[in-house]
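Q: Structure provided below as structure tokens; questions to follow.
The values are calculated or read from the model by the stated rules, or taken from the named source; none is laboratory data. This is a predicted model, so every value here is computed, not measured. Glycine gets a Cβ as well: all are built from the backbone with ideal geometry, and neighbour counts include every protein chain shown.
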Amino acid sequence: MNNSVSQDSNQGPPPPAAWLNRYAELGRAFFTELPAQGMAKPVWVARSMALADQLGWPADWWQRADWQALEVLSGNAVWPGMRTLATVYSGHQFGSWAGQLGDGRALLLGEVDTTAGPMELQLKGAGLTPYSRMGDGRAVLRSSIREFLCSEAIAALGIPTTRALALTASALPVRRESLETAAVVTRVAPSFIRFGHFEHFAHTGQHAELRQLADFFISHHAPECLAAANPYAALLERVVRQTAELMADWQAVGFCHGVMNTDNMSMLGLTLDYGPFGFMDGFDPGHVCNHSDHQGRYAYAAQPNIGFWNLHALAQALLPLMDEVDKDGAPLLAALDVYKIAFPAALMQRMRAKLGLLTEQDADRALIDDWLKLMAGVRADFTLSFRRLSSLTQGDDPAKLRDLFIDQAALAQWLQRYRDRLNAEQSEDGPRSLRMRAVNPAVVLRNHLAEGAIRAAQAGDFSETERLLAVLQKPFIEPERASDAALPPDWAQTLEVSCSS
């Protein structure tokens, strides 16, 4: 990989100069302004050129001498106009009120204007802030590779998420369970405002600041709410709908977040804060991807209800903004009730698409539920089961699908019901297969794939991270390397991820 700086690429536009600092305009109650703590002798690990293109940056942005991108995105320098801020928030962690939290190892750099609107850039792992509590403000290479790859993988799956622009690393030692090395991820999103930002000002009695934050968010990110009779209830309903859609997206691809605390929930319905996440291999509704989640609070099957629980916490935080006539919170409760309809509808829409169904029938729910029960009964691989089902024809069962199921009789019975359902809407094999392959990925970021990239990177070879990024950016296409889309090796069962990153 070429990590050198191009000496003849000084011509062209200067570094991104149109920086916006709208969050900084809120005032000192909302953040602490402080410089990043950089890393000595940083090196590039990976870059998302697709995201850089969406930002409107030139293809050689990372090589331009006048940009000094490696230094800036490692916390060693700033571009003109940048203000580095750590924001304050609070939240519920594992169901209990945790009090003040905040950006303990993240710094907001400001916003860069793009054709899609302003995008915030944030460094994760750039050193201590006033909100680091007992932490060191650093991120390690291991978890940073996982976040970088999964941010871009989730985006390629069409699921709302924060993005990852770049990953840099150095030999700076960082202590976790063992001694590791430091890294910095550059994250990108329209906004990193979380449920916990609102909880902070509600629980500390700073109601003027709470209203200021809500008005700021509505003005910049949800202007349609201004026309509503109660803009704050309209804001909650907007977040409810987006969260319901996000939960359905996660469930449909077998994704487990791992730490669905309220401080990790995005006000824009984005997948936020990639810690001990995991895509399921063998389907287990009770799967817990976070080794630190001893009670299984954030198991796969629990995620939709936890999303609803977190929305209740957000509604409680917004309650002080209700007018006197609404002081009982009725508009907020009505907004919450939307989830009970929006989530099941969103999930059914995705599951019908995964089965290639074009019409709706009352028996579809039972057909889908029984398919999932069949998969769960034998721990059939989640991703491969749907992908191989995409090859089913009216006259033959794909052999590779049968290989995933021990109970062949039960599979045959369900497949007959499925065929009858397809016949009822006169489904054609070819078009249906294409539709299904467009929503059932061939490749997801399985733990063992990430582990392979991590081990190579820890040995100084970043090429596997770059290779895997390219594969994950095209998840619906069969990869050149068959092992990227194969069943995980036996050793993958021993991998564990926790909150220690």
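Q: Would you please name the residue that is farthest from residue 98 (Cα to Cα), looking only at residues in segment 223-272 that are surrounded by fewer than 21 Cβ atoms within 10 Å (Cβ to Cβ) and among the acidic types (Asp, Glu)?
A: Per the stated criteria, the residue is 224.
Q: Mind listing just one residue for me: the one in segment 64-76 that is surrounded by fewer than 20 Cβ atoms within 10 Å (Cβ to Cβ) and at pLDDT 95 or above and, of those, farthest from the chain's Cα centre (by Cα)? Spell out the reasoning first.
A: To start, the set of residues in segment 64-76 that are surrounded by fewer than 20 Cβ atoms within 10 Å (Cβ to Cβ) comprises 65-66, 68, 70-71.
Retained after the next criterion (residues that are at pLDDT 95 or above): 70-71.
Numbers: 70: 24, 71: 26 Å.
Filtering first and then ranking leaves 71.
Q: So in segment 381-416, with the set limited to residues that are touching a Phe, Trp or Tyr at 6+ places or on another chain (Cβ under 9 Å) and over 20 Å from residue 489 (Cα atoms), which one is surrounded by the fewest Cβ atoms within 10 Å (Cβ to Cβ)?
A: Only one residue fits best here, namely 414.
Q: Among what's in segment 42-53 and is farther than 16 Å from residue 139 by Cα and in contact (Cβ under 8 Å) with a residue 24 or more places away in the chain, pick the residue that is surrounded by the fewest Cβ atoms within 10 Å (Cβ to Cβ).
A: By that ranking, first place goes to 50.
Q: Scan segment 399-434 residue by residue and report those that are over 33 Å from the mean Cα position of the chain (by Cα) and without any contact (Cβ under 8 Å) to a residue 24 or more places away in the chain.
A: 399, 408, 409, 412, 413, 415, 416, 420, 426, 428, listed by residue number.
Q: Residues in segment 274-282: is at least one in contact with a helix residue (DSSP H, G or I) (Cβ under 8 Å, 6 or more places away or on another chain), in a loop (DSSP other than H, G, I, E, B), among the hydroxyl-bearing types (Ser, Thr, Tyr) and at negative phi?
A: Yes, segment 274-282 contains a residue that is in contact with a helix residue (DSSP H, G or I) (Cβ under 8 Å, 6 or more places away or on another chain), in a loop (DSSP other than H, G, I, E, B), among the hydroxyl-bearing types (Ser, Thr, Tyr) and at negative phi.
Q: Given the conditions (1) over 18 Å from residue 161 (Cα atoms); (2) outside any helix (DSSP H, G or I), and given that residue 259 satisfies all but one, which numbered condition is not satisfied?
A: Checking residue 259 against (1) over 18 Å from residue 161 (Cα atoms); (2) outside any helix (DSSP H, G or I), the one that fails is (1).
Q: Let me ask something additional. Would a scan of segment 484-499 turn up a residue that is on the phi > 0 side of the Ramachandran plot and not assigned by TED's automatic domain parsing to the domain that holds residue 125? Steps first, answer last, please.
A: First pass over segment 484-499, keeping only residues on the phi > 0 side of the Ramachandran plot: none.
No, segment 484-499 contains no residue that is on the phi > 0 side of the Ramachandran plot and not assigned by TED's automatic domain parsing to the domain that holds residue 125.
Q: Can you pull out every residue in segment 283-311 that is at pLDDT below 95 and either touching an Asp or Glu at 6+ places or on another chain (Cβ under 8 Å) or not in a loop (DSSP other than H, G, I, E, B) (or both)?
A: 290, 291
Q: Tell me which residues, restricted to segment 263-297, are in contact with a strand residue (DSSP E or B) (Cβ under 8 Å, 6 or more places away or on another chain) and farther than 18 Å from residue 252 by Cα.
A: Within segment 263-297, the first condition is being in contact with a strand residue (DSSP E or B) (Cβ under 8 Å, 6 or more places away or on another chain), and the residues that meet it are 263-268, 270-272, 275-283, 287-291.
Once the filter is applied, which keeps residues that are in contact with a strand residue (DSSP E or B) (Cβ under 8 Å, 6 or more places away or on another chain) and farther than 18 Å from residue 252 by Cα, segment 263-297 yields 263, 264, 265, 266, 267, 268, 275, 276, 290, 291.
Q: Looking for whichever is modelled with pLDDT of 95 or more, assigned to a helix (DSSP H, G or I) and farther than 27 Å from residue 243 by Cβ here; the options are 388, 365. Which one fits? I'd like the intermediate steps shown before the answer.
A: On the way: 365 fails: farther than 27 Å from residue 243 by Cβ.
That would be 388, the only listed residue that is modelled with pLDDT of 95 or more, assigned to a helix (DSSP H, G or I) and farther than 27 Å from residue 243 by Cβ.
Q: Consider residue 439 against the criteria (1) exposed (fewer than 13 other Cβ atoms within 10 Å of the Cβ); (2) not in a helix (DSSP H, G or I): it satisfies all of them except one. Which criterion is unmet?
A: (1)
Q: Sticking with this one: Among all residue pairs at least 6 apart or on different chains, which show Cβ distances below 7 Å where the first residue, located in segment 435-455, is free of Cβ contacts under 8 Å to residues at least 40 places away in the same chain and the second is assigned to a loop (DSSP other than H, G, I, E, B) and of a type outside the set (S, T, N, Q)?
A: The qualifying pairs are 438/476.
Q: Still on this structure: What are the residue pairs meeting all of these: first residue in segment 211-228, first residue small (Gly, Ala, Ser), second residue part of a helix (DSSP H, G or I) and surrounded by fewer than 16 Cβ atoms within 10 Å (Cβ to Cβ), Cβ atoms under 9 Å, and 6 or more apart or on different chains?
A: 219/226
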